[in-house]
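Notes for the one structure printed next.
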């Protein structure tokens, strides 16, 4: 089995769509390649999400609540990690690198990345596992949590500029605004894919 | 009495199902629309729209046999019903009536 076929198998094993649609995507993917498959898969997930939300609105609300709650709990549980990154690790960086731009980037953004990625993976897995029959809803939750993360990132991006006016080497607020939602989206999707995996029928 | 006309996508799908004939399933319908009408369409949208048309009684569908080249999944074939043919004709008449008498469109094969 080629790498592309393995990737298709990986995705289709985790996403619950109508079997005839899965068969068509498999057949077309063999003929047209990865770009075609990715486009078709995105459209299929989007339509499945819209259909699921229309048919099961309360399930969608519950899934978003589960995603938001799990993310919040995970971020809270990972506070010791963030404290370590923003305390001892930051001190070591300051001692060794002074006011290098990477130190400022660490102080404003990078120290929170381990907690964000960990929380994203766990929240994605929980949402995926608890909604295995509704891949579209899981995608909607991931997008909703990433949007929420974008709002908090907008707020976080302003803090260094208001609390540390005149400091040199401050990273661009655009990095904060874009990196956090992107990390949430990426790692929550990975967690969701792990959680969506169904037991193989023999 | 107002008639329930087809949208452009519904009309295209019904015509594609008629053109493809017995082997009309997701892949072949999408390919027919792409090759004949030059419009790229996702297979998921083909099924979503045909599901809606089936609810209105304009198409019927049945499952074929599972095949290994599709990872052991069956094809879902479609056929336009008599009611579907009537709906296509009604939409065609409405469009033709709108077409007639427009000097801007005279002599053009739009």
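The values are calculated or read from the model by the stated rules, or taken from the named source; none is laboratory data. None of the values given here were measured: they were computed from a predicted structure. When we count neighbours, we look across all protein chains shown, and the Cβ atoms used for this are built from the backbone with ideal geometry, even at glycine.
Please give the number of the condition residue A:75 fails out of (1) surrounded by 12 or more Cβ atoms within 10 Å (Cβ to Cβ); (2) closer than 18 Å to residue A:123 by Cα; (3) at pLDDT 85 or above. Just one mismatch for residue A:75, condition (3). Is the stretch B:31-39 home to any residue that is part of a strand (DSSP E or B) and either modelled with pLDDT of 95 or more or buried (at least 20 other Cβ atoms within 10 Å of the Cβ) (or both)? There is no residue in the stretch B:31-39 that is part of a strand (DSSP E or B) and either modelled with pLDDT of 95 or more or buried (at least 20 other Cβ atoms within 10 Å of the Cβ) (or both). Among the residues of the stretch B:86-101, write down those that are out of contact with any helix residue (DSSP H, G or I) (no Cβ under 8 Å at 6 or more places or on another chain) and modelled with pLDDT of 85 or more. Selection gives B:86, B:89, B:90, B:92, B:93, B:94, B:95, B:96, B:97, B:98, B:100.
Checked across the stretch A:55-65, the condition of being at pLDDT 85 or above and within 14 Å of another protein chain (Cβ to nearest Cβ) holds for at least one residue. Would you be able to say whether some residue in the stretch B:57-66 is surrounded by fewer than 20 Cβ atoms within 10 Å (Cβ to Cβ) and either more than 14 Å from chain A (Cβ to nearest Cβ) or at positive phi (or both)? Yes, the conditions are met somewhere in the stretch B:57-66. Only one of the numbered conditions (1) within 11 Å of chain B (Cβ to nearest Cβ); (2) touching a residue at least 60 places away in the same chain (Cβ under 8 Å) is violated by residue A:68, and that is (1). Residues in the stretch A:7-27 that are modelled with pLDDT under 85, part of a helix (DSSP H, G or I) and within 16 Å of residue B:66 (Cα to Cα): A:19 alone. Kindly list, by first and then second residue, each pair from a residue in the stretch A:30-49 that is without any contact (Cβ under 8 Å) to a residue 12 or more places away in the chain to a residue that is crowded, with 16+ Cβ neighbours inside 10 Å and part of a loop (DSSP other than H, G, I, E, B), limited to pairs with Cβ atoms under 6 Å and residues at least 6 apart or on different chains. Final answer for the pair search is A:43/B:42.
Per the listing B:52, B:19, B:31, the residue uniquely under 18 Å from residue B:9 (Cβ atoms), more than 14 Å from chain A (Cβ to nearest Cβ) and out of contact with any strand residue (DSSP E or B) (no Cβ under 9 Å at 6 or more places or on another chain) is B:19.
For the stretch A:14-34, taking the residues that are more than 10 Å from chain B (Cβ to nearest Cβ) and closer than 20 Å to residue A:197 by Cα, the one that is surrounded by the most Cβ atoms within 10 Å (Cβ to Cβ) is identified as A:15. The single condition from (1) within 10 Å of chain B (Cβ to nearest Cβ); (2) farther than 24 Å from residue B:34 by Cα; (3) surrounded by 16 or more Cβ atoms within 10 Å (Cβ to Cβ) that residue A:48 fails is (2). Of all residues in the stretch A:145-176, those satisfying the criterion of being surrounded by fewer than 16 Cβ atoms within 10 Å (Cβ to Cβ) and modelled with pLDDT of 75 or more are A:147, A:151, A:152, A:154, A:155, A:174, A:175. Can you find a residue that is surrounded by 16 or more Cβ atoms within 10 Å (Cβ to Cβ) and in contact (Cβ under 8 Å) with a residue 40 or more places away in the chain anywhere in the stretch B:45-56? Yes, the conditions are met somewhere in the stretch B:45-56.
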